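**Q** Just passing along the structure, written as structure tokens.
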Amino acid sequence: MNDILFNIRHIRQRITDACIKCGRNPSEVRLLMATKTVAPDRIITAFESGETLIGENKLQEIKEKYDALKDYSHEQHFIGHLQTNKIKEIIRYNVDCVQSVDRQELAIKLNDRLKRERRNLDILVQVNTSGEASKFGVSPDKAVELVKQIAALDHLHIKGLMTIGLFSDDPEETRPCFTLLSQLRQQIINLNIAGVEMKELSMGMSGDLETAIEEGATIIRVGTAIFGKRVYPDSYYWNEQNPNQS
Ligand SMILES: *Cc1c(COP(=O)(O)O)cnc(C)c1O
């Protein structure tokens, strides 16, 4: 368990250093712990060290960990691909924010369900900034249109944008993805769309969080660098072709 505490301290230091380097206040950047495949006792260790924000990719894992985590005050985001047939349960499990809204059909169905339950939900719009077919997200040239469409849905509150950048050992190769997301945010802010907040930029992971922070990230999502390597390949979570999605 000590490894988790050590790793969190290390990540916090990386966040602080990156912020200082580009003149930002470290309090502007939230650390979201990507907890896919991580057992509740390990997540609780992180909570006890003061962390409060987690993200899961699959409804099934939210369900499995719900009872073990429910007595620990925390915020849960959904960061995986969301199928429309899982909407009811995502809402039932009180997810605080769905970061992965990437198509109008999903937004409309989410909104319909929320309306029926007289509830609202914070969301981010996920953009595919790397152009890779294997990644989810609306394409950058359709992002503004999607934001406008979602803005008309009363029960969804847009808080910003999210992206999974290009995977590379060299963060400089990923930087253009982050720059693009940041530019899109500015473009949307300039449009002044009623009901649309563009506070959050969720981008950057274990290997490229410094670059993401330099480009304006307000939420970084870190898994491996806190909890260690996962057994499942990431394609298990991210590939459209996978029949076991969510
Ligand atoms: C797993 C995951 C992360 C964290 O990735 P690491 O490389 O383990 O830090 C970030 N975002 C999403 C959407 C993820 O699924």
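The values are calculated or read from the model by the stated rules, or taken from the named source; none is laboratory data. For clarity, every value in this text was computed on a predicted model and none was experimentally measured. Cβ placement follows ideal geometry from the backbone for every residue including glycine, while neighbour counts extend to all protein chains displayed.
**Q** Would it be correct to say that Leu184 is under 18 Å from Glu28 (Cα atoms), touching a strand residue (DSSP E or B) at 6+ places or on another chain (Cβ under 7 Å) and modelled with pLDDT of 95 or more? Before you say what the answer is, go through the steps one by one.
**A** On the way: under 18 Å from Glu28 (Cα atoms): no; touching a strand residue (DSSP E or B) at 6+ places or on another chain (Cβ under 7 Å): yes; modelled with pLDDT of 95 or more: yes.
In short, no.
**Q** I've got another one for you. Within the set of pairs 6+ apart or on separate chains, which have a first residue in the stretch 119-141 that is without any contact (Cβ under 8 Å) to a residue 60 or more places away in the chain, a second that is assigned to a loop (DSSP other than H, G, I, E, B) and of a type in the set (Lys, Arg), and C-beta atoms under 7 Å apart?
**A** Pairs found: Asn128/Lys135; Val138/Arg103.
**Q** Moving on. Scan the stretch 20-28 and give yes if some residue there is outside any loop (DSSP other than H, G, I, E, B), within 14 Å of the ligand (Cβ to nearest atom) and under 21 Å from Gly223 (Cα atoms), otherwise no.
**A** Within the stretch 20-28, not a single residue is outside any loop (DSSP other than H, G, I, E, B), within 14 Å of the ligand (Cβ to nearest atom) and under 21 Å from Gly223 (Cα atoms).
**Q** Please enumerate the residues belonging to the stretch 181-202 that are part of a loop (DSSP other than H, G, I, E, B) and in contact with a Lys or Arg (Cβ under 8 Å, 6 or more places away or on another chain).
**A** Within the stretch 181-202, Ile193 is the sole residue that qualifies.
**Q** Here is a follow-up. Are there strands (runs of 3 or more DSSP E) fully within the stretch 47-149 with at least 2 residues that are of a type in the set (A, V, I, L, M, F, W, C) and crowded, with 21+ Cβ neighbours inside 10 Å? List them.
**A** Here the list reads 97-101, 121-127.
**Q** Would you pick out the residues in the stretch 221-238 that are near the ligand (Cβ under 7 Å from one of its atoms) and modelled with pLDDT of 90 or more?
**A** Listed by number, the residues that qualify are Arg221, Val222, Gly223, Thr224, Ala225.
**Q** What's the number of the condition Asn94 fails, among (1) within 14 Å of Leu153 (Cα to Cα); (2) of a type outside the set (Ser, Thr, Tyr); (3) without any contact (Cβ under 8 Å) to a residue 24 or more places away in the chain?
**A** It fails just one condition, (1).
A quick yes/no check of all residues on (1) at pLDDT 95 or above; (2) within 16 Å of the ligand (Cβ to nearest atom); (3) farther than 19 Å from Gly55 by Cβ; (4) more than 16 Å from the chain's Cα centre (by Cα):
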{"residue": "Ser134", "(1), (2), (3), (4)": "no, yes, yes, yes"}
{"residue": "Lys142", "(1), (2), (3), (4)": "yes, no, yes, yes"}
{"residue": "Gln149", "(1), (2), (3), (4)": "yes, no, yes, yes"}
{"residue": "Ala152", "(1), (2), (3), (4)": "yes, no, yes, yes"}
{"residue": "Thr163", "(1), (2), (3), (4)": "yes, yes, no, no"}
{"residue": "Glu200", "(1), (2), (3), (4)": "yes, yes, no, no"}
{"residue": "Gln245", "(1), (2), (3), (4)": "no, yes, no, yes"}
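**Q** Are any of the residues in the stretch 152-161 touching a residue at least 12 places away in the same chain (Cβ under 8 Å), under 10 Å from Arg103 (Cα atoms) and not in a loop (DSSP other than H, G, I, E, B)?
**A** no
**Q** Of all residues in the stretch 49-59, which are touching a helix residue (DSSP H, G or I) at 6+ places or on another chain (Cβ under 9 Å) and touching a residue at least 24 places away in the same chain (Cβ under 8 Å)?
**A** Ser49, Glu51, Glu56, Asn57, Lys58, Leu59
**Q** Working only within the stretch 1-25, note down all residues that are over 14 Å from Gly204 (Cβ atoms) and surrounded by 17 or more Cβ atoms within 10 Å (Cβ to Cβ).
**A** Ile4, Asn7, Ile8
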